[in-house]
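Below is one structure, written out as structure tokens, with a few remarks after it.
The values are calculated or read from the model by the stated rules, or taken from the named source; none is laboratory data. Since we're looking at a predicted model, the values are computed, not measured. FYI the Cβ positions are ideal-geometry reconstructions off the backbone, even for glycines, and counts take in every protein chain you see. Side chains are part of the model used for accessible areas, which takes the heavy atoms of the whole protein and leaves out ligands, DNA and RNA. Shrake-Rupley method; radii C 1.70, N 1.55, O 1.52, S 1.80 Å.
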Amino acid sequence: MISGKLVHLMEKHEEEITDRVAEQIRRDPDMAHTRAILRTGLWQWHRELLESLSHWLTTGNSEALAGRYQHAGRERFEQGVPLHECVRDLCVLRETLLDYVEEHTFNKDSVELYAEEELDRRVGRFFDLLTVHLVRGYESAAQYVGVA
């Protein structure tokens with residue numbers, strides 16, 4: 001069972017988490033293309049994902065998720081963002097999200113440790129799925145224009 005308290009913590013502080021992700025992207029010399037689109041929608045895309053995290057983690061609506069993130073992959077291709085940067089962006093978001101939870105949970109008893117471990121596992125699976133759909137969308141856009 002996933003901890004509603006921990007998911008609520010992430011959703012409630014989505015702006016702070018998103019700001020941390022943006023700062024990491026700004027400092028990373030290998031994410032120049034991603035840095036260029038931060039202000040043109042990527043930052044908002046991160047916020048929307050975090051705002052609705054409980055919905056995505058609990059509903060399991062894989063069809064809606066697939067469509068949304070394949071579309072995002074096509075957008076990243078059209079924006080000229082290399083695929084490795086797209087994947088790295090999702091990794092940074094996931095890592096920052098889980099680090100935030102770790103930093104803001106105190107007095108961990110065995111139940112809280114289990115809840116945090118379960119959250120880590122579920123968020124990991126969720127981001128793996130996002131990555132697959134993002135890559136599919138990216139590849140379909142690349143094939144459409146004859147790049148792949």
*Add -39500 (n - 2.57) for each DSSP H run of 4 or more in the chain, then divide by its residues: what number comes out at 222 nm, to the nearest 500 deg cm²/dmol?*
-26000 deg cm²/dmol
_Geometric extent, Cα atoms of segment 1-135 - Rg, Dmax (angstrom)_ = 14.8, 47
_Taking the Cα centroid of segment 1-47 and of segment 71-129, what is the distance between the two, rounded to the nearest whole Å?_
10 Å
*Using only Cα atoms, find the angle between the long axis of helix 42-51 and the longest principal axis of the chain, and express it within 0 to 90 degrees, rounded to the nearest 10.*
30 degrees
*How would 100, 144 rank on accessible area, largest to smallest, probe 1.4 Å?*
144, 100
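Among 96, 58, what's the order by accessible area (1.4 angstrom probe), most exposed first?
Largest to smallest exposure gives the sequence 58, 96.
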_GNM top mover of 72, 22, 115 - the chain, alpha-carbon springs below 10 Å_ = 115
*asked:* Show me, bin by bin at 5 Å from 0, the whole-percent P(r) of segment 56-148 based on Cα pairs.
replied: 3, 13, 20, 19, 15, 11, 8, 5, 3, 1, 1
*Using θ = phi - 60° and the Karplus form 6.51 cos²θ - 1.76 cosθ + 1.60, what ³J(HN,Hα) does each residue of segment 77-86 get, whole Hz, x for Gly and Pro?*
4, 5, 7, x, 7, x, 4, 4, 6, 4
_Heavy atoms of the protein only, probe of 1.4 Å, neighbouring chains included. What is the accessible area of residue 132 in Å², nearest 10?_
70 Å²
*How much accessible surface area, in Å² rounded to 10, belongs to the heavy atoms of residue 56 with a 1.4 Å probe?*
30 Å²
*What is the distance, in nm, between label points placed 7 Å from the Cα along the Cα-to-Cβ direction at residue 8 and at residue 145?*
4.5 nm
*asked:* On a 1.4 Å probe surface of the protein chains, which of 13, 133 comes out largest in accessible area, and what is the full order?
replied: 13, 133
_Solvent accessible area, Å² - residue 98, 1.4 Å probe, full protein context_ = 30 Å²
*Tell me, what HN-Hα J-couplings in whole Hz come from the Karplus equation 6.51 cos²θ - 1.76 cosθ + 1.60 at θ = phi - 60° for each residue of segment 113-130, using x for Gly and Pro?*
5, 5, 4, 5, 5, 5, 4, 4, 5, 5, 5, x, 4, 4, 5, 4, 5, 4
*Charge dipole (debye, nearest 20) of segment 10-148; +1 at Cβ of Lys and Arg, -1 at Cβ of Asp and Glu*: 620 debye
